[in-house]
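Trainee: Let me begin by handing over the structure; questions about it come next.
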Amino acid sequence: MANYLEVDGRPCVLENILHLDDETLIGAYGRNEFVSKITHYNDQIFKDSLTGVYNRRYYDEQASELLVQAAAMFDIDHVKEVNDIWRHMAGDAVLRQVAQVVSSCTRRTDIFLRYGGDEFLLAFEDIPQDVFMRKLEDICAAVERTEVPGYPQIHLTLSIGGVYEKGQLKNVLEKADEALYEAKRQRGRVVIRI
């Protein structure tokens, strides 16, 4: 720490060296409060405020370089029409509901995030091929069965593009995005590339 002061009318800088230990860093709040605050700040930075799942910043700064076994891109079908007919509050409810349904189908080790707009990314560090394929079909069906709270007239479908290939997430994601565009041609279906 450096402080400006005057000694006998002459300007000086007083430098103090302080040994930093756990007690100094954590201070009066205690260890639990410190961990809680850090977790809260991380959530504010890396979680999407609307859906509660990880956000694009999390992908860019934490996940893009990870080694994964498989990944899938999801696009909620007809969100633009939902926004046009029932307005953006309904669109927000759709995004929240889809995020909740997909989150309920994932494990703690899976990486699920809102990639942008109505697109989501789900990545698996380790998953058998048959489980991956079944999981994507199950997610598609679960979203189709769900009701949007306050909007029972809205029927949801997902287009999902998945890739089962070991590699860095950013590279696997490119291929999953290509599969997603193939799935979107018919909508409400899963396209998986092995």
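The values are calculated or read from the model by the stated rules, or taken from the named source; none is laboratory data. Everything numeric in this text was worked out from a predicted model, so none of it was measured. All Cβ positions, even for glycine, are placed from backbone atoms using ideal geometry, and neighbour counts span all protein chains on display. Protein only, heavy atoms only, side chains kept; ligands, DNA and RNA dropped before computing areas. Shrake-Rupley method; radii C 1.70, N 1.55, O 1.52, S 1.80 Å.
Trainee: Could you give the dipole magnitude of segment 20-166 about its Cα centre, charging the beta-carbon of Lys and Arg +1 and that of Asp and Glu -1, in debye to the nearest 20?
Mentor: Charge dipole of segment 20-166: 280 debye, to the nearest 20.
Trainee: Still on this structure: Does anything in segment 113-130 have its amide N under 14 Å from the 7 Å Cα→Cβ label point of residue 194, and if so which residues?
Mentor: Taking a point 7 Å out along Cα→Cβ of residue 194, the residues of segment 113-130 whose backbone N falls under 14 Å are 128-130.
Trainee: Which of the lysines could a cross-linker span from residue 184 if the Cα-Cα distance has to be under 25 Å and same-chain partners fewer than 8 positions apart are dropped?
Mentor: The reachable lysines, counting only those whose Cα sits under 25 Å from residue 184, are 80, 135, 166, 170, 175.
Trainee: Turning to a different aspect of this structure: Let's test the formula: R0 of 30 Å, r as the Cβ-Cβ distance of residue 33 and residue 56. What FRET efficiency results, to the nearest 0.05?
Mentor: Details: r = 30 Å, r/R0 = 0.99.
Efficiency for this residue pair is about 0.50.
Trainee: Provide the packing ranking of 110-120, 131-141, 37-47, i.e. peptides ordered by the mean count of other C-beta atoms within 10 Å per residue, highest first.
Mentor: Output ranking for 110-120, 131-141, 37-47: 110-120, 131-141, 37-47.
Trainee: Averaged per residue, what accessible surface does the chain expose to a 1.4 Å probe, in Å²? Each step should come with its number before you reach the end.
Mentor: Working: 11730 Å² over 194 residues.
Value for the chain: 60 Å² per residue.
Trainee: Among the GluC sites (Glu not before Pro) within segment 59-106, which fall in a DSSP loop and have no more than 16 other Cβ atoms within 10 Å of their own Cβ?
Mentor: 65
Trainee: Using the Kirkwood formula on the Cα atoms of segment 86-194, what hydrodynamic radius do you get, in angstrom to one decimal?
Mentor: Numbers: mean 1/r = 0.0694 Å⁻¹.
Hydrodynamic radius (Kirkwood, Cα pairs) of segment 86-194 is 14.4 Å.
Trainee: Note down the nm distance, to one decimal, between modelled labels 7 Å out along Cα→Cβ at residue 155 and at residue 42.
Mentor: 4.2
Trainee: Using only Cα atoms and rounding to the nearest 10 degrees, what angle (0 to 90) does helix 169-184 make with the longest principal axis of the chain?
Mentor: Its long axis makes an angle of about 30 degrees.
Trainee: Let me ask something additional. Using a 1.4 Å probe over the heavy atoms of the protein chains, calculate the carbon and sulfur portion of the accessible area of the chain as a whole percent.
Mentor: Whole-percent figure for carbon plus sulfur exposure: 49.
Trainee: Which semi-axes, in whole Å and largest first, does the equivalent ellipsoid of the chain have when worked out from the alpha carbon gyration tensor as the square roots of 5 times its eigenvalues?
Mentor: For the chain, the ellipsoid semi-axes come out as 45, 21, 16 Å.
Trainee: Using a basic spin-label model with each label point 7 Å from the Cα along Cα→Cβ, how many nm lie between residue 14 and residue 104?
Mentor: Modelled inter-label distance: 6.3 nm.
Trainee: Expected output is a single nm value to one decimal: the length gained when fully extending between residue 65 and residue 141, i.e. 0.36 nm times separation in residues minus the C-alpha distance. What is it?
Mentor: On the way: separation 76, 0.36 × 76 = 27.36 nm, distance 3.02 nm.
Residue separation times 0.36 nm, minus the Cα-Cα distance, leaves 24.3 nm.
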